[in-house]
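Inspection log for the structure reproduced underneath, given as structure tokens.
Each value in this text was obtained by applying a stated rule to the coordinates, not by laboratory testing. Only a predicted model underlies this, so the values are computations on that prediction, with no experimental measurement involved. Here Cβ is always computed from backbone atoms with ideal geometry, including for glycine, and neighbour counts include all displayed protein chains.
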Amino acid sequence: MTLGYLGAGTLLAGLALGGFSALLSFWAGWKENEVFVRVGRRAFYAATAMTALAAVLLEVGLLTHDFALAYVAAHTDLATPIALVAAGFYGGQEGSLLYWTLILGVLGSASLLASARLGTRLSAYAAGVLATILGFFLLVLTLVAGPFDLLPVAPPDGLGLNPVLRDGGMLIHPPVVLAGFASFAIPFSFAAAALLAGRVDAAWISHTRRFVLLAWSLQTTGLLLGMWWAYHVLGWGGYWGWDPVENVALMPWLATTAYLHSSQVQERRGRLKAWNFGLVILAFLLVIFGTFVVRSGIVPSVHTFAVSAIGPWFLAFLFASLVFSAALLIFRTDQFTSTHSAAIPTVSREGAFVLQNLLLIGVVVVVLWGTVLPLASGMVGLQRVVGAPYYERAAGPLLVALIALLAVGPLLPWRRAGRPVLRALRWPAGAAVLALGVMLAVGVRSIPALIALPLGAAAATTTVTEYGRALLRKPHTWQRLGQLVAGKRRRYGAYLAHLGLAVVVVGIGASHFWQQERDVTLAPGGQATVAGYTLTYEGSSQRRLSDHTELFAAMKLGDRTLEPSRAIYAGLGGQALTHVAITTTPVADVYVVLAGTGADGSASFHVFVNPLVTWIWAGGAIIILGVVLGNAGARAAAPELVRRREPATVPV
Amino acid sequence: MIVRWGIPAAIVAACVGYLIYSASGGSSEYYLTVSELRSHSTSGFVRVAGVVQNDVQKTDGGLHVTFTEKDTTASMPVDYKGTLPDIFRPGITVVAEGKLGADGVFHARTLLAKCPSRFSTTPYTQ
């Protein structure tokens, strides 16, 4: 009881502080009053502290099983393991919004700490925009989705967490995705503040660089963890279903990937200013749009989300953000004219970035159209939906072009490419031809596979040759190589991330083109062979575990035993949950789902053989490693503007 | 720059437009309720949402199932071969994807369960 009042009061105090911070920051920024700008920033820190206190109170409520709180009663029960009770914090609508607000406050505070050097106006407006967003979330938490709402009578036990969520994946996937979503607000706030302050130079870009990388890394990790979790838990043999919930997490990631590259063009060449603002704003709007789509339930999805009253609030917030950003961009049009008038050459590093950006935005458009088609068609007639074939056919060619660019782009110099580029291209081209030859020799005839996988090999070769070139530079000592890579760690970290992406591409390509599946019904002792893997069914039996009973079937693959099972949760009205059994061999995953058992001891299985799925997870780890290594330690020197291509001896 | 990049941008935009057009033409499906299916003649694959009734019959070790899907006004028999969603049982909403056969039976090739947002039929309410 007390906890509920305390928590609600804390949120209300946070809301008041957030609103105060927003109003004061905008006003003080306008008046360039340094003292009040500082007060506005501190009010933001205080609002964050209140949010953190509310989060602690909710966690205390969960861990002490305070079922007077509706949220605690709805998402946990006494039988739930303690780690999952703690994870109930972000397991439901209200808690996940509070978690989002907390991350927004913490990252926002971190981004404001050193913001004073950006100038009074820019830092004040950034605090104002951040405080407005924080205030919006606190308003929703106070008015519509209160995590501290009380029940009239405290029940003796709670309802418990959805069994699908009672999994290790629950402990890591949602907090990473939600943190990723929350972190897109930081670059947006500084971009909006730069526009408000009329500072369209690259200052806001370098200030938020690490936050953008953090947002991108969190989102990359979140997407991959989601794929990994879906693959291990849902039992349909795949990891990506083009469901709206997945699409709305993918779109901001695509926009931010574009921005990570285009922002370099502004840093190095002073170009694409308006475009960079546009991308950061787009990523933020896509996050809010995604939250609206997922939580309002207006688009058919198979995912488990509480459909609730927060939908209209996010729609209103989306419109407000859209109008605000569009007005700012139009208002500052006159400032976007480039300082130097030379055009961006088509064949150059910056040209490759522009093309990559266009393709990525193309993919965003394809995914967005597929996601909103049910809405758009529903307004004019019968609802229509698209499935995986649409996304594969429409986005596939664009993704293939992007992989080709991944192989060529890093080899192109800034400004204008000359003949040396053709020489540099011989390694990736050779690797592509070799891969194509090997695939043809082993009998691959699928055209998409014959295009995509050799390009993946070429992309990997490009990054490897970049490291090779560093290795060949004289003198050949490891120490020298270490200095070179550390000195240009932004660049070599990026190459490592590219290499990871090429590995992911090969994993996705192989598992997409060569997945094999079969339905089999076996009597005990029976055998089935799928894609060369012989499985022997040994029989099924039951066992009791803490919160459920499990019917499992033992299957032998060589000397390994697979135990696909079905769990029955008696406490939840006999709800069943399939547990997939997966074993990984060097070239493929053998993935077995228990579909059902017969009275005679026979059992039906759905067996998948998924080639190279582990490459996806390994490639993801390499990507994150590349981002971390490329940005670890002290801030690397900002890359200098590339203006002229003149010999170093000529004074510039 | 606008002139130099206008052409590539237009080419990419045209490609994206063409890809969306050609891909959605071939693979978009109607998403209907049972009564909408009854009142519109559709060819090809459609997705039909409705509630599973109490006549579920499983054969072939649970890999072949027949049941009736119903919305507020209309109902239809559904025949499905394959792995059932975990939460499949009478009373839940499913989305069956397939074709209405000449025999009046809806032959589903996939069956999706709409996850209820909470896993209890009696949530605590005030």
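Available extension along the chain between A:VAL144 and A:PHE319 is 61.1 nm, counting 0.36 nm per residue and deducting the alpha carbon span. The count of lysine pairs in the protein assembly as shown that are at least 8 places apart or cross chains, and whose C-alpha atoms lie under 23 Å apart, stands at 11. Hydrophobic, long helices, defined as DSSP H runs whose alpha-carbon span along the helix axis is 15 Å or greater and whose mean Kyte-Doolittle value is at least 1.6, occur in chain A at A:120-143, A:185-197, A:273-296, A:310-331, A:349-380, A:613-631.
PRE reach from A:ARG469 (point 7 Å along Cα→Cβ): which of region A:380-418 fall under 20 Å by backbone N? Counting backbone N atoms under 20 Å from the label point, the list is A:403-418. Residues whose amide H lies under 5 Å from that of B:THR33, counting only those 5 or more places away or on a different chain, are B:ALA49; hydrogens are built 1.01 Å from N in the peptide plane.
With runs of 4+ DSSP H residues as the only contributors, calculate the mean residue ellipticity of chain A at 222 nm using -39,500 (n - 2.57) per run, divided by the residue total and rounded to the nearest 500. Value at 222 nm, helices only, nearest 500: -21500 deg cm²/dmol.
Taken over the alpha carbons of chain A as equal point scatterers, the Debye sum produces base-10 log I(q)/I(0) values at 0.11 Å⁻¹ of -1.23. Counting Lys and Arg as +1 and Asp and Glu as -1 over every other residue whose Cβ lies under 10 Å from the Cβ of A:LEU58, the net charge comes to -3.
Taking Cβ atoms as reference points and 14 Å as the exclusive limit, the residues near B:ALA23 contribute a net charge of 0, counting Lys and Arg as +1 and Asp and Glu as -1. Our note on the geometry: Cα centres of region A:176-254 and region A:598-615, 34 Å apart.
The modelled label-to-label distance for the pair A:ARG210/A:ALA376, using points 7 Å beyond Cα in the direction of Cβ, is 4.1 nm. Positive contributions from Lys and Arg (+1) and negative ones from Asp and Glu (-1), summed over other residues with Cβ under 12 Å from the Cβ of A:PHE353, come out at +2. Computed from the Cβ-Cβ distance with R0 of 41 Å, the FRET efficiency linking A:ALA621 to A:THR346 stands at 0.70.
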